[in-house]
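We did not get these values from a lab; they are worked out from the coordinates using the rules stated. Note that the structure is a prediction, hence the values are computed from the model and not measured. No Cβ is skipped: glycine too gets one built from the backbone with ideal geometry, and neighbour counts run over all protein chains shown.
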Amino acid sequence: MSFQALRHRFLWRQRAPIGPGEIRRIERWLATARVFLAISALVAIRMDPGEINYSFWAYGLLAFYIAQGVIVIMLLRRREQSTVSFRRLVHGADIVWPALISIFATGQANPFFLFFVFVLAAAAYRWGVWETVTTAASEISLLWLESLAFYLGFFGGVDRLLSRYHLPPLGVQAADFEPKRLFMLSIYLLVMGLLLGYLAEQQKQLRSEKAVIARILGKVRVEAGLSGTLQEIVGELLVMYGAERALIASQEATGHRVYVGEMLLRNGEASFFRWLDPASSDHETYLFDYPAETSYAWRNGPTGNGSYTLLGLDHAGLKLPSAPAGFLDPLAQQHGFKHLMSVSFVFGKEWWGRIFFLEPALTGEITEELRFLQELVRQIGPAVYNVYLLRRLRLRAGALERARFARELHDGAVQSLIAVEMQVDVLRRQSATRSELVPEELGRIQGLLREEVLKLRELMQQMKSLDVDSRKLIGFLMDTVERFQRETGITARFSSDLEHPDMPQPVCRELTRIVQEGLVNVRKHSGARSALVRLSARNGRWTLVIEDDGRGFPFAGRLSQVDLDALGKGPVVIKERVRVIAGELTVESNPGQGSRLEISVPQKPEAANG
C-alpha cells in the first residue's frame, strides 16, 4: 500500500511538475521564515532564559543560525535557479540545527521546539508526505544519538575540556535526555510529520490536478477544428495515463450512426487520430446502456475469456452497485484488454459518447482517479462544444458569404456580360449598313466592361481577409485611396495626423472596411469628382471622415446615427460596422453639393461601455 501511494505521488508530480520560478519562490519564503524564527527565538530566550540559563553556547548557535539564514537569502537572490543539491544541503542543515540546539533544552515546551516544526513544514512545503516523515525520523534519530552520547559521558568530557581553557560549560542537564521525555518528543514529531506531510500532499495533488486541467484546456483551439481538438486532448490523456490505446465513440442526437475513432500510444507519443470503419453493431459495442459516467473494469482470470469486475461512478461521483459486466464482451472480443477505463461526455444537445482507455496505468486509488477524470471531462466538455459551435457557425457564415458572392456575380457581372454580348451581336449585324455607329457603340461597351471590372475588383476586395493592425493601418488606407483614384479617375486624397495609432486590431479592421465601403458608395452613387478620407484623434476619440462633392444623400442637414435609424436612411453596411466597434456615425448631406460621413470611436473600452 505504501509503495502504491509513493508511486501515485511521483507520477502526479510528473503530470504537473513545479516550475523553477515556483521552486525559487518557495525557497525564498523558507529562507525568510528561517531568519525570522531564529531572531524570534533569540528575543524570547533573552527575555525569559528559562532552562538554558543564559548559556553562552546557545546564544552563539542562534547567532550562527541567523548568519546562515542571511547567507542563504543572499545566495537565493543572486542565483537564477535553485538546484536540487542546494535544496538538499540547506534541508540537511535545517535537520541538524534543531537537534544541535536541543542539547540545551528538550521537550515540546522548550523555546527551540519550533525549530523542529519548521524543518517538518519545510519538508512538507518542498516535497510531500514521505520526505516529511523521513525528516521527522532523522530528527528523532539525532535526538536519541545525543541521549546516548550523554549517558556515555561525552558532554561531561566536553565540559571538562572547556573548563581547562576557562570557557563556559555547556550546561547540559540530565533531565533533558530522560528516555521518557525523548520518547514523548519522538511521538510528537512523528505524528506532526505525518499530519503536515499529508496536508501538504493533498494540497499539492489538488494543485497538480488543476494544472493538468489547465494544460489540457490549452489544447482546445478553434483553428484545429473538432477532430483536431479531440486528437490533442485525447492524445494528452493517452500519454498521461500511459494507456496502450484510446477509443472515442460518439453519436449525433438526431442520427443513428456511431462514429468511432482510435489513437495508439507508440514510444511514449500518441499517434494520429483515425476513424474506424463503421459497423452495424457499433452502438451495442461502444454506446451500451450503463448508467455510470466513469467506470473501470478489470479481467478476473488470466485468459482472454475471463469475466470482468466493474466499478462505476454515477453523475454525483458515488459508487454504483456492482452489476454484471456482460455488455463489455463485444468490446473485449473486438479489441482485447485486461483493464479498461471509460468516461462519458455530452456536447450540448447534439452529440454524446464515450472515451475508452485500454490498459491504463492508474497512479492511485481507482475511485479517486475516476472522479478526477470525471471532473476533467466536465470542465473540458464545454470548451470543446464551443469549438464545435464556432466551427459550425464559420461553415454557415462561409456558405452565406459564398451564396452572396454568387448572387453578386449573377446579378452584376453575369447580367452585364450577357447584355454586352447582346449589344456586340447587334453591333455586328449593323456594322455592314451603319458603320458610323460602330465607334460610339464600342465606346459605350468599353465603358460597361470597365464598370464591371471595377465591380469585380471591389467584390474581390471585400472577400479578402484583412490582416490590418495599428502599424499597417495608415499605409493600408493610403494605398486604398490611391488605388481608388487610379481605377476610377475620381480625385481622391488621404490625410492623417497619426503615424502609429495605438488602436486595437478589430477597430483597425472595421475602419478599413468602412473606408472601402464608403469609396464604393462614392463611385456608384455620388457622381463626385473628388473625395477626401481623413483620420485623426482628439478628445480621447479616433475620428474618420469620408467626404465628397457629389450629389449627396436624399436629405439635407446633419443627422446622427439615431436619427438615421429612425428615418431609415444612411448607408446600412457602414452603420452596422460602426455599431460593432461601439462608434458613432454622423452624416451631413447637402443635395447637389456633396456629403460628409464622420465616424467617431472611443479610444478606451470604458468610454464605449459608458
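Computed quantities for the displayed model
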read-out	value
Cβ-Cβ FRET estimate between GLN446 and GLN593, R0 fixed at 30 Å, reported to 0.05	0.45
Cβ-derived FRET efficiency at R0 22 Å, HIS525 paired with GLN485, nearest 0.05	0.80
Directionally averaged projected area (convex hull, Cα atoms, segment 151-259), nm²	16.0
Per principal axis, descending, Cα span of segment 466-609 in whole Å	38, 37, 24
Cα-projected label distance for ALA67 with GLN334, points at 7 Å along beta-carbon direction, nm	7.5
Efficiency of FRET between HIS166 and LEU190 - r from beta-carbon atoms, R0 51 angstrom, step 0.05	0.75
Vicinal HN-Hα couplings computed from phi for segment 204-216 (Karplus, 6.51 cos²θ - 1.76 cosθ + 1.60; Hz; Gly/Pro x)	5, 5, 4, 5, 5, 4, 5, 5, 5, 4, 5, 5, 6
Gain on full stretching of the segment that runs from ALA44 to LEU217 - 0.36 nm per residue minus C-alpha separation	57.2 nm
Amide H partners (placed H, <5 Å) of ALA556, local residues excluded	none
Segment ARG534-LEU389, extension gain: residue separation times 0.36 nm, minus the distance between their alpha carbons	48.3 nm
Estimated vicinal HN-Hα couplings, Hz - segment 340-357 in sequence order (Karplus 6.51, -1.76, 1.60; Gly, Pro = x)	9, 10, 9, 9, 8, 9, 9, 10, x, 10, 9, 10, 8, x, 9, 10, 10, 10
Only Lys, Arg (+1) and Asp, Glu (-1) charged, at Cβ; segment 221-386 dipole about Cα centre in debye	80
Residues whose placed amide H lies under 5 Å from that of VAL258, excluding near-sequence neighbours	none
Length gained when the stretch PHE154-ASN300 is fully extended (0.36 nm per residue, less Cα-Cα span)	46.4 nm
